[in-house]
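Beneath this line is the structure, given in structure tokens, with notes to follow.
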Amino acid sequence: MRVLLALFLAVGTAVGSGDADLMNARDKQDRAVLDKIVAESRTAADKQQNDANAQYRLAVAESVAAEVAIEQKDKAKGREFAEGGMRAAEKAVGLNANSSEYNRILGTLCGQMISSQGLAGLKYGNCALKSVNKAIELDPKSSEAYLSHGVGNYYMPTAFGGGMDPAIKDFEKAIELNPKSADAYLWLGLALRKENKNPEARKAFAKSLELNPNRIWAKQQLEKTPAQ
């Protein structure tokens with residue numbers, strides 16, 4: 001059975017003044033900078049246990065760090081970051097259950113726990129889907145929520161309601177809601193390639209890079225996709 005990658009989130013939501021540094025480190029796969037941001041976010045969250053936003057910021061930082069670790073095939077470190085981020089996201093949701101974004105990041109991190117543990121991690125599947133569905137319910141116009149939902153469908157077996165068709169629809173919806181979402185185009189390209197639609201996939205990857213030329217992982221996907 002296929003499992004969800006740590007890339008379940010493709011976090012594109014601004015979380016404050018440090019967000020540019022976080023996204024730049026993700027794009028460049030700079031794990032040293034990511035480690036520093038996570039440590040600083042954890043210190044702040046520890047000092048503000050009842051501050052939902054502080055917990056959310058930590059969850060986002062850990063999710064991005066997990067994302068890059070998995071991109072570089074370091075599943076052990078990805079699991080470590082995802083587990084810490086999930087705890088922070090649970091606190092954020094506990095403090096404000098009506099936040100679409102807090103639910104989305106929790107679902108993202110649950111998905112990352114699945115990816116880092118293989119079949120043993122499938123117990124997190126309900127958390128992943130339930131949380132992202134809740135995020136969409138709370139904010140039907142959230143491009144990021146549809147993106148997360150699409151990545152879930154990408155890796156979820158057809159027998160469980162996933163597959164490329166629903167994934168592509170989710171990515172297209174994410175793009176409709178935010179035409180400048182480089183991550184949505186990136187994942188649309190991955191889904192199209194899975195369907196052996198390589199020319200269309202390359203166009204999606206190229207659009208992703210047009211929107212975000214610094215994303216190393218997107219460049220790698222374009223390079224590995226045949227022209228036909």
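No lab work stands behind these numbers, since they all come straight from the coordinates. Computed from a predicted structure; not experimentally measured. Every residue, glycine as well, gets a Cβ built from its backbone with ideal geometry; the counts of neighbours run over all protein chains shown.
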Which angle from 0 to 90°, rounded to the nearest 10, does the C-alpha axis of helix 52-71 make with the longest principal axis of the chain? 40 degrees
Relative packing of 188-197, 54-63, which averages over residues the other C-beta atoms within 10 Å, highest first: 54-63, 188-197
The FRET efficiency for Q220 and D35, from their Cβ-Cβ distance with R0 = 30 Å and rounded to 0.05, is 0.85
Would you mind computing Rg(Cα) / (2.2 N^0.38 Å) for the chain, counting N as its residues? 0.93
Full-extension gain in nm, K180 to E83, via 0.36 nm per residue minus C-alpha separation: 31.9 nm
Picking from V64, V38, V151, which is most flexible by a Gaussian network model of the chain using Cα springs under 10 Å? V38
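Between Q49 and N133, what length in nm is gained on full extension when 0.36 nm per residue of separation is reduced by their alpha carbon distance? Show your work: numbers first, answer last.
Working: separation 84, 0.36 × 84 = 30.24 nm, distance 2.62 nm.
Length gained, Q49 through N133: 27.6 nm.
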Taking only Cα atoms, what is the 0 to 90° angle, nearest 10, from helix 198-211's long axis to the longest principal axis of the chain? 40 degrees
For the chain, what is the calculated [θ] at 222 nm in deg cm²/dmol (nearest 500), taking -39500 (n - 2.57) for each run of four or more DSSP H residues and dividing by its residue count? -23500 deg cm²/dmol
For the chain, longest principal axis from Cα atoms; helix 143-155 axis from its Cα atoms; angle between them, nearest 10 degrees, is 70 degrees
Contact order normalised by length for the chain, with contacts defined as Cα pairs under 8 Å and 6 or more residues apart; what percent is it? 19 percent
With N residues in segment 61-118, Rg(alpha-carbon) / (2.2 N^0.38 Å) equals 1.08
Apply the Karplus parameterisation 6.51 cos²θ - 1.76 cosθ + 1.60, with θ equal to phi minus 60°, to every residue of segment 24-29 and state each ³J(HN,Hα) to the nearest whole Hz, in sequence, with x for glycine and proline. 5, 5, 4, 4, 8, 6
